[in-house]
Structures are given as C-alpha cells and as structure tokens.
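The block underneath contains the structure these notes are about, expressed in structure tokens.
The values are calculated or read from the model by the stated rules, or taken from the named source; none is laboratory data. Note that this is a predicted model, so its numbers are computed, not measured. For neighbour counting, all protein chains shown are included, and Cβ atoms are generated from backbone atoms with ideal geometry for every residue, glycine included. Areas reflect the complete protein model, heavy atoms only, side chains present, ligands, DNA and RNA absent. Shrake-Rupley method; radii C 1.70, N 1.55, O 1.52, S 1.80 Å.
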Amino acid sequence: MTENVKEESRPEVDFTAAGAWIGFRQSLPVALSVFAYGLVFGVLAKQANLSFLEALLMSVLVFAGASQFTALGLWVVPLPSLTIILTTFIINLRHILMGASLYPYIRHLKTLPRNVILYFMSDESWALTMGQFQSGKRNGAFLLGSGFVIGLGWWGSTVVGYLLGNLIEHPEQWGLDFAFLAVFIALLVAQWKGKKNILPWLVAGIVAVVAKFLLPDKWYILLGGLAGSLVGAWLNDD
Amino acid sequence: MTINLEVLLTILGMAAVTYLTRWLGPFLMSRVTLSKKLETWLSYLPGTILVSLVLPDLISSGVAGVIAGFASLVAARLSGNLFLALVVGVVTVWAGRSLLG
C-alpha cells in the first residue's frame, strides 16, 4: 500500500492500515515516555485503594492522564462521584479545541471510524497527528495507530505500576517527566509559519501562564489556546 | 479482583464525559459552515494550544528545564526529528538537575 496524498485545496483523508502503522511507528518513542509516566499512575492508584481491575478499567475507559491523576487525589470514602466526574469534564475540556482543529482533516471520514479514532485523541496523539496532517500526509488512521500505541503504553504501565507498587515513585529523577515537554516543543517548532505566529503565540503564552497561576485544573490550556487563536484569526485572513 | 458498584459507576461517568469532550469539537464544527474566517481560526489552534501546554510547565520546571527546553527547540529546528528532540531534552534536563542539584 502506498501513501495516497491528494494535493487539493480541500483536505481529503484516507483511512488505511498502512496509515495506522505509520502512526504506530512514529509514536513509539512518545509511547515509551507515556509508559514511564503511567507507572506513577499505577502506583498511586494502588495507594488510593483502587482494586487492580478498577485501576485498569479507568485507564482503558477514560484514557486521559491528567484527569485520572486528579481523580485519585479526590478518591476518598465515601466517594465524591459527582465531583470527580465534573472535575474530569473540566480538565478534559481542552479536547474540544483539539477536536475542532482536527475537524477539517477528518470531516470526510465515515461516522464510525471518525467516532472511534476520536476516543484515541490524547494530547500526544493529537499533536503528532496534526503535524502529520499538516505535512500533507492525510491518513485518518494515523490517529488510530498513534493513539493505540500510546494507549498500550498507558494501559501497560497502569498494570506494571500497580503490580510493582512503590518501586518507581520519582520518574523525574531520570528526566522522564520532561519527555512530554520536549515532544510538544518539537511539534510546536513544526507549527511555526513565520511572523504571523508571533502575536497569537505571545498572547497564548501570557494567558496560559496567568491562568495557570490563577485557576485550578487545566483551564489554562483551554484559555491560552482560545485567546491566542482568536487573536490570530482576528489579525489575519489567510 | 473486585469492582465496587459505586466505583464502577464513577469510572463510567468519567469515561462518558471524557469521550464527550473528544467528540464535541468535530460535532460542533460539523454544525456550522466552514467559512474562511473559521478555517483561519482553526489553523491557529494547534500552535496556540501547544504554547499553552508547554510554557507554564516549562517555566515551573526551573533553570534545568528552561535550558533543556531550549536544547530541544534547537534540536527540533536543526534535525526536524521528534525522537532526537526528545532524547536531547531528557538528557539535558537529567544532566542539568544532576549538576544544579
């Protein structure tokens, strides 16, 4: 199978096994750092008195790291279920913006594959997929392969972390916590399109830093992304 | 190997609202006509979201983090290779934290 790249003004998207495999392969390094990060989740889930099955079920069904860590922080008896669910929703609101930015590239996919690959949209797989789409390779299955290998890292590390218990408590000792930032920085470099980015990025950065200081949870990502992109749209008509 | 019903319902609730956030963006966009202005707005989202993801964490990761962030940026810019940028960042932050304490 070959990569079928259509150069048209309207983005078209294929959906092939080859595309999924490319996403799988290219996301492998990121999946390894997700694994390191997920070990901590497994350890903390055990300490929060979740059963093994409950911890694994959460990682498989929710599949969103930041909100899962926060849920563990709220995990007391009796369980404040509504608070946990509402907090999860707020932390994951940033997905709405990410999904919206994916839309022009996945709009021509059939409903079922589109709704399936959206489950695999994490910060990491979204960023990798956007980079891929913008470079002209428009295979929707990339997100599936990318999300799946990252999922394997996340689910696997939940299991290993839970079983290992307290062996790996400080992955930051090894600089592994920095892997995500490094990846996001590299993907950000690829987003640079010239001077027109300066002001939107500046606004995004300032709003995000101030919002992180003032607001709880992950509001800062949503607010920074929104403010910066609106400034970009307001200033430019390209 | 047990699952408590209350825990199960909480996890299912978390899963449902999380999937909702993943599904809502494309759904909302499919409800409006993609105007030129809207496409311009969407084209700015990936960069500004990434800036918002990176900058606050970078600032709070201290001197070693900022230096490593710069090293990753240079590596990505010169090589265009994601994995190389990752390795450069992790090694630099590890070395920086070891040296700076």
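Hey, what does the equivalent ellipsoid look like for chain B, semi-axes from the Cα gyration tensor as sqrt of 5 times each eigenvalue, largest first, whole Å?
Ellipsoid half-lengths, sorted descending, are 35, 27, 12 Å.
Once you have the alpha carbon radius of gyration of the stretch A:17-191, what is it after dividing by 2.2 N^0.38 Å, with N set to its residue count?
The stretch A:17-191 yields a ratio of 1.05.
I'd like the residues of the stretch A:201-223 whose 1.4 Å-probe accessible area shrinks by no less than 10 Å² going from the isolated chain to the full set of protein chains.
Output list: A:Trp201, A:Ala204, A:Gly205, A:Ala208, A:Val209, A:Lys212, A:Tyr220, A:Ile221.
Any residues in the stretch A:30-56 that have 40 Å² or more less accessible area with all protein chains than in their chain alone, probe 1.4 Å, and which are they?
A:Leu53, A:Glu54
For labels at A:Leu214 and A:Asn236 in the simple 7 Å Cα→Cβ model, what's the distance in nm?
Computed distance between label sites A:Leu214 and A:Asn236 equals 2.7 nm.
For chain A, find the longest principal axis of its Cα atoms and tell me its angle to the long axis of helix A:123-134, 0 to 90°, nearest 10.
That helix lies at roughly 10 degrees to the long axis.
Compute the projected area of the convex hull of the Cα atoms of the stretch A:31-75, averaged over all viewing directions, and report it in nm² to one decimal place.
Convex hull of Cα atoms, orientation-averaged projection: 2.8 nm².
Return one number: the angle in degrees, 0 to 90 and rounded to the nearest 10, between the long axis of the Cα atoms of helix B:82-100 and the longest principal axis of the Cα atoms of chain B.
Helix B:82-100 sits at roughly 60 degrees to that axis.
Tell me, what is the FRET efficiency for A:Asn115 and A:Ile198 to the nearest 0.05, using R0 = 41 angstrom and their Cβ-Cβ distance as r?
Result of the calculation: an efficiency of 0.65.
At a Förster radius of 22 Å, what calculated FRET efficiency corresponds to the Cβ-Cβ distance of B:Phe70 and A:Ile206, to the nearest 0.05?
0.70
How large is ³J(HN,Hα), in whole Hz, for each residue of the stretch B:40-57 in order, when computed from phi with the Karplus curve 6.51 cos²θ - 1.76 cosθ + 1.60 and θ = phi - 60°, using x for Gly and Pro?
4, 4, 4, 5, 8, 4, x, x, 6, 5, 5, 4, 5, 5, 7, 4, x, 5
Quick one: angle between helix A:28-47 and the longest Cα principal axis of chain A, in degrees between 0 and 90, rounded to 10, please.
30 degrees
Kindly state, to the nearest 0.05, the FRET efficiency for A:Arg107 paired with A:Ser51, given R0 = 56 Å and r defined as their beta-carbon distance.
That gives a FRET efficiency of 0.85.
From the phi of every residue in the stretch A:197-207, what ³J(HN,Hα) in whole Hz does the Karplus formula 6.51 cos²θ - 1.76 cosθ + 1.60 yield, where θ is phi - 60° and glycine or proline is x?
Values per residue, Gly and Pro as x: 7, 4, 5, x, 5, 4, 4, 4, x, 5, 4 Hz.
Between A:Thr16 and A:Val60, what is 0.36 nm times their sequence separation minus the Cα-Cα distance? Round to one decimal in nm.
Values: separation 44, 0.36 × 44 = 15.84 nm, distance 2.40 nm.
Extra length from A:Thr16 to A:Val60 when fully extended: 13.4 nm.
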